[in-house]
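K.L.:
First the structure, then my questions, so here it is.
No value in this document is a laboratory result; all are computed from the given coordinates. On a predicted model such as this, the values are computed, not experimentally measured, just so you know. Note: ideal-geometry Cβ built from the backbone for every residue, glycine included; neighbour counts use all protein chains shown.
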Amino acid sequence: MTTAQEFIELDAEVMWDKIRGGLLGQMIGNLAGLPHEMLYISEPGNVEEYTPALPEGAETDDDTDFEWMYICAMQDKGTLFIPHQEVANLWRTRINRGIWCSNQYARVLMDIGFEPPMTGDFVLNPWADFNISGQFVCESFGLIAPGMPQTASRIGLHYTRVTIDGEPAQSTQLFTTMIAMAFLTDDIDEILDAGEAALDPNCVHKQLMDDIRGWHRENPDNWRATRALLKAKYTKYDGAMRDKNGYELNSGSTIAAVLYGNGDFAETLRTAFNFGWDADNTAATAGTIVGTMKGYRWMLSQGWQIVDRYRNTSRDGMPMDETISSFADRLITISESVIEDQGGERVRNGFRTVYRIPVQKPANVYPMPSFDSAQAKLRDKYHDWIMSSMKPSADAQDRARAAYMAIALDLAEEAKRVQPQDWAAALEELNRVEQISQVLYHHSDVPLADPLRERASKAGLKKGDSELTEWIWSRTTATTEDYESWSTES
């Protein structure tokens, strides 16, 4: 027996207002948080007053421009889930600067032929295990799935897993769910409960949520006490970069900002700034949640100086004339597609236009993977391809990719023993891709990087001469003409 689908009705004007409010909240939080980014590590900040504003308008930053690129592509191609090959092509043509850590390594992996989600698989990309882009690339996907938390998570994961896996994938589900539910309730506890229901019960994020909420109950008027407890429990790497922009401290800061802000937009952002670490990330996500709750009209009514501009400073081949409003228009258009795709519809109800939205309960849609199991599955799946792709008949990119996979999947010794000449040639092709070794050997230490480095060194991957701090790919000129050309391709 099939149970009839249940629906809720959301006034169209309210939904559009909340989408616009969430996006504006994200942009304000992101750009206002930048001056505080990485300034408060050992001790919290001391920002006593804050008035939200965008006096020069907004500009692209990695907390918003990845999503902007995906949203534009989704709209242009008429699909919610852009095929992974096309996602990789988007990165190759548009994301050529302003990327670091797991995002940068994913971009390098694309240059030897890897496509998502393999570029974000923590077996192949060791920075994918802790990187916060599971959070800072997810907010728009909550905004396009109002009241549909599972759908928001699935769409979000399709795009965040380009660069992350494991716990960071839990952060995607946590925050897209909280944003999706902020369309339906202003109750902070209900929104947090929904986010917690989207987590794998065995993940660190679940314990992190419980800790922050418990510390807030014990110290409802003392955010500094909660910040100290968060730092004491979740700083585990002697203050290295892994501690400064890993998911634990930053997810915890975001949850705390929402709690201590208690629905006050400015206070939410001020708390995010003061918690520190990667403050623009935490303020952007918290700002999205509260901005969705409050809505665009309320935000404009506060008298804040907001200029309607979204200036492209970072992404090749993307529009140069976008505004905050036109970005929001894109989100609204796609949200209608999401609602229809899930069986809902836009209807007239008397004098009102409403959306009938299918009821979805928050739930975990991507459980925590096991590294050993994931590595074993990749080894079984690609063993024969790796061995055959090292042969002289394969092209150079396939040989380089096969050598890298052999190292990552602990097959290098077998390849060297069984096919010594093929292995030597494939390894030489991999050594030609200097950016691989520059990132792998010289970037910050993280737990999964050390064993991969050991296997790579043992296999003969050269260490390269220097760290890849911000390598800029060859294409660095963004033009509206390039964007329009891509968007009209069949």
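K.L.:
When Lys and Arg each count +1 and Asp and Glu each count -1, what net charge do the other residues less than 12 Å away from Ile339, Cβ to Cβ, add up to?
P.N.:
-3
K.L.:
Going through the range 263-356, which chymotrypsin sites (Phe, Trp or Tyr not before Pro) have at most 10 other Cβ atoms within 10 Å and a DSSP loop state?
P.N.:
Sparse-neighbourhood loop chymotrypsin sites (Phe, Trp or Tyr not before Pro): Phe351.
K.L.:
Please say if the chain is rounded, prolate or oblate, where rounded means a/c under 1.5 for a ≥ b ≥ c the square roots of the C-alpha gyration tensor eigenvalues, and otherwise the choice is prolate for a/b larger than b/c and oblate otherwise?
P.N.:
prolate
K.L.:
State whether the range 313-386 is rounded, prolate or oblate according to the following rule on the C-alpha gyration tensor (a ≥ b ≥ c being the square roots of its eigenvalues): a/c under 1.5 gives rounded; otherwise a/b larger than b/c gives prolate, and the remaining case gives oblate.
P.N.:
The shape class here is oblate.
K.L.:
Highest mean first, how do 74-84, 109-119, 172-182 rank when packing is the count of other Cβ atoms within 10 Å averaged over residues?
P.N.:
Highest mean packing first, the order is 172-182, 109-119, 74-84.
K.L.:
Mind ranking 29-38, 357-366 by how tightly packed they are, going by the mean number of other C-beta atoms within 10 angstrom, highest first?
P.N.:
Listed from highest to lowest mean packing, they are 29-38, 357-366.
K.L.:
Using DSSP, restrict attention to beta bridges with both residues in the chain and report what percent are antiparallel, rounded to the nearest 5.
P.N.:
Antiparallel bridges: around 80 percent, rounded to the nearest 5.
K.L.:
If we count every other residue with Cβ under 9 angstrom of Pro126's Cβ, Lys/Arg +1 and Asp/Glu -1, where does the sum land?
P.N.:
-1
K.L.:
With n ≥ 4 as the cut-off for DSSP H runs, can you work out [θ] at 222 nm for the chain, using -39500 (n - 2.57) per run divided by the number of residues, rounded to the nearest 500?
P.N.:
Calculated at 222 nm, the ellipticity per residue is -17500 deg cm²/dmol.
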